[in-house]
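Okay, so here's the structure we're looking at.
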Amino acid sequence: MAVFNRILLKLSGESLMGSKQYGIDENRLAEYASQIAEISQMGVQIAIVIGGGNIFRGLSGASKGFDRVQGDQMGMLATVINSLALNSALQAAGMRSRVLTAIRMEPIGEYYSKQKAIASLEQGEIVILSGGTGNPFFTTDTGSSLRAIEVEADVMLKGTRVDGIYTADPEKDPTAVKFDEITYDEIYNRNLKVMDLTATTMCKENNMPIYVFDMDTPGNLKKVMQGEKIGTLVKNK
Ligand code: UDP
């Protein structure tokens, strides 16, 4: 039995690159699909939000002279591209899944609504919620906080390449120590770069726990569902 009934899984676009410098690594995609299949077989209801940083980020576009709003729109479209890639990989692995979009673009995906997402989840379908929040100046971290709260997920899982939250960046500081649990307030006070502040605040104000874990090691998603404490839990008090 899984410890969570309904989850929102956030995957970064960057992680989809795998060993590449840009775009989508098919091996990484297939590996994610097989981890997702494992927990789908456990009966977990799965909503997924995926980023677009492997293709385009509005903020870095703006630093190169792009209009910020149009750059963000390009970023949101990048999340749709990644969502279609993941949807196709999930279906190739035998799962039932669909893409909903935060901006109307039928027939690429159906327009998102909370009701549609929940109805699909209850039928055992995996739903990929693409296009972030549909608005510029937000990130997919905020998109996933928003959707996790809307679809009434038990937890928002943030799959990263690091196995949790540390006192400092463990890739730069060898003395960094990992937290098993931490509060949202401690994240602010210690100025930890877990998610952007908008996303963290949405979770804090709506009591949505965040679980940060290493998604790039095969089998880890299943371990989280089995209650193994391999990452860091963020919650109020
Ligand atoms: N984006 C946006 N609004 C949203 C979500 C995303 O404008 O609600 C844009 C923004 O430009 C962002 C890009 O889409 O840089 C890709 O998303 P993100 O940077 O969150 O992707 P990740 O870092 O997870 O790969």
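Data table
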read-out	value
Residues satisfying the stated conditions in region 138-153, i.e. closer than 16 Å to Tyr211 by Cβ and either in a helix (DSSP H, G or I) or near the ligand (Cβ under 6 Å from one of its atoms) (or both)	Asp141, Ser144, Ser145, Arg147, Ala148, Ile149
Any hit, region 81-91, residues being without any contact (Cβ under 8 Å) to a residue 60 or more places away in the chain and either at positive phi or within 14 Å of the ligand (Cβ to nearest atom) (or both)	yes
Residue ranges of strands (runs of 3 or more DSSP E) in region 178-237 with at least 1 members of a type in the set (Phe, Trp, Tyr) and touching a residue at least 12 places away in the same chain (Cβ under 8 Å)	210-214
Whichever residue in region 93-122 is assigned to a helix (DSSP H, G or I) and in contact (Cβ under 8 Å) with a residue 60 or more places away in the chain and, among such residues, is surrounded by the fewest Cβ atoms within 10 Å (Cβ to Cβ)	Glu122
Residue in region 123-130 that is within 20 Å of Gly52 (Cβ to Cβ), part of a helix (DSSP H, G or I) and within 16 Å of the ligand (Cβ to nearest atom) present	no
Filter result for Leu129 (in contact (Cβ under 8 Å) with a residue 24 or more places away in the chain and touching a Gly at 6+ places or on another chain (Cβ under 8 Å))	yes
Qualifying residue in region 66-79 (condition: among the hydrophobic types (A, V, I, L, M, F, W, C), modelled with pLDDT under 95, in contact with a Gly (Cβ under 9 Å, 6 or more places away or on another chain) and over 24 Å from Ile149 (Cβ atoms))	yes
Unique residue being among the polar types (S, T, N, Q), modelled with pLDDT of 95 or more and crowded, with 24+ Cβ neighbours inside 10 Å when the list is Ser83, Ser88	Ser83
Filtered residues of region 18-74 (kept if in contact (Cβ under 8 Å) with a residue 12 or more places away in the chain, touching a Lys or Arg at 6+ places or on another chain (Cβ under 7 Å) and within 14 Å of the ligand (Cβ to nearest atom))	Val49, Gly58
Index of the failed condition, Leu8 passing every other in (1) near the ligand (Cβ under 8 Å from one of its atoms); (2) closer than 21 Å to Ile103 by Cα; (3) not acidic (Asp, Glu)	(1)
For Gly61: the one exception among (1) under 17 Å from Gly18 (Cα atoms); (2) surrounded by fewer than 24 Cβ atoms within 10 Å (Cβ to Cβ)	(1)
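Let's see how each residue does on (1) surrounded by fewer than 17 Cβ atoms within 10 Å (Cβ to Cβ); (2) assigned to a strand (DSSP E or B):
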site: Leu9; (1), (2): no, yes
site: Gly23; (1), (2): yes, no
site: Leu29; (1), (2): no, no
site: Ser34; (1), (2): yes, no
site: Gly43; (1), (2): yes, no
site: Ile46; (1), (2): no, yes
site: Gly52; (1), (2): no, no
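The values are calculated or read from the model by the stated rules, or taken from the named source; none is laboratory data. What you are looking at is a predicted structure, and each value in this text was computed from that prediction instead of being measured. Note: ideal-geometry Cβ built from the backbone for every residue, glycine included; neighbour counts use all protein chains shown.
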